[in-house]
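Rule-based calculations on the coordinates, nothing more; no lab input. Because the structure is predicted, anything quoted here is derived from the model rather than measured. All Cβ positions, even for glycine, are placed from backbone atoms using ideal geometry, and neighbour counts span all protein chains on display.
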Amino acid sequence: MGRYDKSQAYHDRARRTLARGVSSAMKATQAPVPLCASHGRGSRVWDIDGNEYLDFALSFGPMLLGQSPAVVLEAVRRQLDSGIGFGAGNGHEAPLAELICEVVPSAELVIFSNTGTEAVQAAVRVARAATGRTRIVKFRGHYHGWLDSVHVSIPGVPGDGAGTGGQDPMAALYTTTCDWNDVGSLTAALADDVAAVVMEPINVNGGCFAPEPGYLEEVRRITREAGILLIFDEVITGFRVALGGAQELLGVTPDLTVLGKSIGSGFPLSAVCGSRDVLSVVASGVVNHMGNFNGNPLAAAAGLATVRHLREHRSAVYPRLDASMRAVAGAFERARTEHGLPVRFNHTVGAGFGFSSPGPVRTHEDRLRSVPEDYGVFAARMLARGVLVPARGLWYVSTEHTDDDLARCTATIVAVAEELVGQMSGASR
Ligand SMILES: Cc1ncc(COP(=O)(O)O)c(C=O)c1O
C-alpha cells in the first residue's frame, strides 16, 4: 500500500466527472496527488489514507482558530437547530457588523457577501457609484480574486494581461496596473477618471513583503487629494496580522476594506466595510447589494463567534501568531545557512503567514523568477513527513499550533533540508 493510495484513487474517480478532480485550481497543485481530507481538529488534518498532518495550509488561510474550533461549531450548531436560511435577516448580522465597526479602523458601515471575490466586486462597484468615476488602479502581483476586471497581472503570471483563459478582455479595459511600493509608478497611473486604488496593504500573495516606510501614508495622501478612494483588500491580513487588520498594524486607514477568509473560520463569509459617506450608496439603494446567501445565518453565526473570540483573546492571539511564524522562519533560515536549502522564507512583522521561495522576494519580478517546481519538491517531502504546506509556498499558522507542533515542524524543515542537499537547483528564472 502506498501512502496516498486512497487519495490517488479518489482523485482518479473524481476526474471522470469533476473537472480537474478538484473544485479550485489551487488544490490541483498539491503533489504528489491532491489529497482528499477526512477530518481536521486543532492544528491537524487527516486524509482518507489515515495520514495525519500538521496543518500549515489551513484551507488557504481561513482556519485562523484551527480546524473545527469549538467556539464556532457551538454557535453554528445552535443556529442549525433554528434554521438554515430565511428570506429575512437574522440575529447575527447586526452584532457582527457592530463588532467589525468597533475593531476595524475604517469601518462605519458594513455589507456582507460570501467570498473575497464577491466582496471585491462589491467594493469596486461602491467606489464607482460613490465617485462617479470608472477606472480602477491595481498593483502588479496583487491578487484580488478571480473577477475578470481585477484578475490581471496576478502573482506568478508574467505581463499585465489576463490571469486565466476565458477572461473578458473588455472587463479590464478600465483597470490600470502599476508597481507597488513605488510612488512614481502610482502617480503615473493616475488619471481624472480613477475611482479607486486597490491593494493588499501587505503584499501577501506576491510573496509576503511589507510596504516601504512611508509608502502607504503617501498613497493615502495622494488618493485623498485626488478624490480617489483607497481600498485595502484585507482578505488575508484582516483579523490575522492584528484584530483590526493591516490598517491597525500599519496605522493607515483606507476608505473601503475587503474582509474574507478568517472572518468566517471556514464558513463562506466576506465583508466590505468603510466610511459611512462612501457606503451611503448602498444604504440609500443607489447600489443594489444582491446575493441570496449574503450574511446567511450559519456564516454570520460563525463570523460573530470568530470575531468575538478574537476580540476577547486578542492580547494572547496576536503575539502568539507572530511568534509561531518567527519559529518557522527561523527554521528556514537555519536550513538555508546550515544545510544549503535553497529556499528563503519571507515573513513580515505581526503576520501569521509567510512565503517560501528559492530567492529573496521584494518585487513582482522577484516573484516571477522564483521557481515553484523546485519548491514543490520541498513541499512534497514535508507532506511525506506529515506536515501539510501549500504547494505554492504560502504558509499559515493558527492559534492552535502548540510549541510541540512548531518544534516538530521546524525539525522537519531541517530534516528535509538535509535530505535534499544538492537535489534542488535553487535557480531563479
Ligand atoms: C487578497 C485576496 N483577495 C481576494 C481573494 C479572493 O477570495 P475568495 O477566494 O474567497 O474569492 C483572495 C483569495 O485568496 C485573496 O488572497
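In whole Hz and in residue order, list the ³J(HN,Hα) couplings for the range 231-242 that follow from phi through the Karplus curve 6.51 cos²θ - 1.76 cosθ + 1.60, θ = phi - 60°; x for Gly and Pro.
So the J values, rounded to whole Hz, are 10, 9, 8, 9, 4, 8, 6, x, 6, 9, 8, 6.
Taking θ as phi - 60°, what are the ³J(HN,Hα) couplings along the range 182-198 by the Karplus curve (6.51, -1.76, 1.60), each to the nearest whole Hz, with x for Gly and Pro?
9, 4, x, 5, 5, 5, 5, 7, 7, 8, 4, 9, 7, 7, 8, 10, 10
Rounded to the nearest 20 Debye, what is the dipole magnitude of the chain about its Cα centre when Lys and Arg each give +1 and Asp and Glu each give -1 at the C-beta?
In debye, rounded to 20, the chain gives about 700.
Step by step: find N for the range 25-105, compute 2.2 N^0.38 Å, then divide the Cα radius of gyration by it. What's the final number?
The value comes to 1.44.
Please provide three numbers in whole Å: the alpha-carbon extents of the range 204-279 along the principal axes, with the largest listed first.
Dimensions of the range 204-279 along the principal axes of its Cα atoms: 38, 30, 20 Å.
Take every DSSP beta bridge whose two residues both sit in the range 70-312, then give the antiparallel share in percent to the nearest 5.
So the antiparallel bridges in the range 70-312 amount to around 40 percent.
Determine by what factor the alpha-carbon radius of gyration of the chain differs from 2.2 N^0.38 Å, reporting the quotient.
0.96
May I ask for the distance between the Cα centers of the range 255-270 and the range 140-184, given as a whole number of Å?
Between the Cα centre of the range 255-270 and that of the range 140-184, the gap is 22 Å.
Tell me the relative contact order for the range 70-312 as a rounded percent, counting alpha carbon contacts under 8 Å between residues six or more apart.
31 percent
Is the range 70-312 best put as rounded, prolate or oblate by its Cα gyration tensor, with a ≥ b ≥ c the root eigenvalues, rounded for a/c under 1.5, and otherwise prolate when a/b is larger than b/c, oblate when not?
Because a/c hits 1.5 or more and a/b exceeds b/c, the range 70-312 counts as prolate.
Under a point spin-label approximation (7 Å from Cα along Cα-to-Cβ), what is the residue 320-residue 225 distance to one decimal in nm?
Once both label points are built, they end up 4.5 nm from each other.
Points 7 angstrom from Cα along the Cβ direction at residue 293 and residue 164: gap in nanometres?
Between residue 293 and residue 164, the label points sit 1.6 nm apart.
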